[in-house]
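Presented below is the structure to which this report refers.
The values are calculated or read from the model by the stated rules, or taken from the named source; none is laboratory data. The structure presented is a predicted model; accordingly, all values stated were derived computationally and were not measured. With ideal geometry, Cβ positions are generated from the backbone for all residues, glycine too; neighbour counts draw on all protein chains shown.
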Amino acid sequence: MNLRQLASFVGVYEEGSFNKAARRLHATQSGLSMQIQNLEAVTGVTLFERSARGVAPTVAGRKLYARAIEILREMEKARAELSTLAGDVTGTLRVGLMPTFTRGVLAPALASFTRDYRHVELKIVEAYSAVLTEAVAAGELDFAVVPRASPREGVRSRHLGTDKEMLVAGAGQGLAHLAPADFRVRRSLKLVLPARGNARRDGFEAFAEANGLSIEAIMDMDAMIATLEFVANSDWMTILPATICSNDLDGRVRTLHPILDPPLTVDYRVIEAAKGALSPAATLFLDRLEQEYRVSDARWAAILEVTAQPVEP
């Protein structure tokens, strides 16, 4: 048994197809098939049931997968540790972020990281959760930050934080900035939201149904900058996490309205490949992102504590 066989096995297991695994691993189907056949010969067990619809792991295949990702992850950790001992932090770092983090916390984290680690080539991809999750699974990203990560074979995740959601309106609508959103007095809402399938959109629709919110219209828009500009120049509103709203704290272009009664929140998770280990560069950059998020979260906690206080008669 060797590492190439294990990597081939993990790719086929996670994709459920030799064809998809070959594209992901930049290999040929015949080459992958040979690796799996050799692995089955070495172990003496059948690892996959083959059919016209693809492949499905056997009991032995499922047991080997759990071990294989541990072995491959330990190898990546060893490689990362040796790289750190060798000297400066170098290499290419590929990070996936949702718009909440690119607008809310990326800039200060990026500024300090590029100043301290000049030999790291950094690539940032902005997308919504489904796209980022698939990119992490395919090995195209070192890690990503997403909301409420859906379980996906080949990807592991951990909790990063929980954010309050805001109703965001154009300043021209004349709403009191930072006044809590009171859906009981709003007859209807016209909202610009990401399309269904987006974790935050699905979460809001469940919230709206559970609380009997009256929605006049919803416009699908998977473009954050366009959403912000449209809201600023129309009578439509949107729902956004507090982190992305930090640039609107002055209330001059858009007003912010915390959703507190009942509260609406969003969870953030860091996702990475199950079989991999973060490189030194990835670990350091993730630390910077988390530090900036904690600063933002503390600032909003202080603001919302004041906002939630009852008004004196």
Scan (1) modelled with pLDDT under 90; (2) at positive phi for the single condition Gly251 breaks and write down its number. (1)
Going through the stretch 198-215 in order, the residues found to be surrounded by 18 or more Cβ atoms within 10 Å (Cβ to Cβ) and in a helix (DSSP H, G or I) are Ala199, Arg200, Arg201, Gly203, Phe204, Phe207, Ala208
Which one of the conditions (1) in contact with a strand residue (DSSP E or B) (Cβ under 6 Å, 6 or more places away or on another chain); (2) on the phi > 0 side of the Ramachandran plot; (3) among the small types (Gly, Ala, Ser) does Ala181 fail to meet, given that it meets all the rest? (2)
Keeping to the stretch 43-61, report how many residues are at pLDDT 90 or above and more than 20 Å from Gly154 (Cα to Cα). 4
Looking at Ile239, Ile225, Ile218, Ile259, which is the one that is of a type in the set (Val, Ile, Thr), over 28 Å from Ala107 (Cβ atoms) and within 26 Å of the chain's Cα centre (by Cα)? Ile218
Within the stretch 134-170, restricting to residues that are assigned to a strand (DSSP E or B), of a type in the set (Gly, Ala, Ser) and under 11 Å from the mean Cα position of the chain (by Cα), the one that is surrounded by the fewest Cβ atoms within 10 Å (Cβ to Cβ) is Ser157
Name the residue, out of Glu49, Glu74, Glu126, that is of a type in the set (D, E, K, R), touching a strand residue (DSSP E or B) at 6+ places or on another chain (Cβ under 7 Å) and either touching a residue at least 24 places away in the same chain (Cβ under 8 Å) or on the phi > 0 side of the Ramachandran plot (or both). Glu126
With a cut-off of at least 1 residues that are more than 26 Å from Val136 (Cα to Cα), name the strands (runs of 3 or more DSSP E) lying wholly within the stretch 229-280. 237-241, 254-258
Can you tell me how many residues in the stretch 145-164 are in contact with a helix residue (DSSP H, G or I) (Cβ under 8 Å, 6 or more places away or on another chain), of a type in the set (D, E, K, R) and closer than 23 Å to Leu25 by Cβ? 2
Please tell me if Ala206 is within 18 Å of the chain's Cα centre (by Cα), of a type in the set (A, V, I, L, M, F, W, C) and under 23 Å from Val145 (Cβ atoms). no
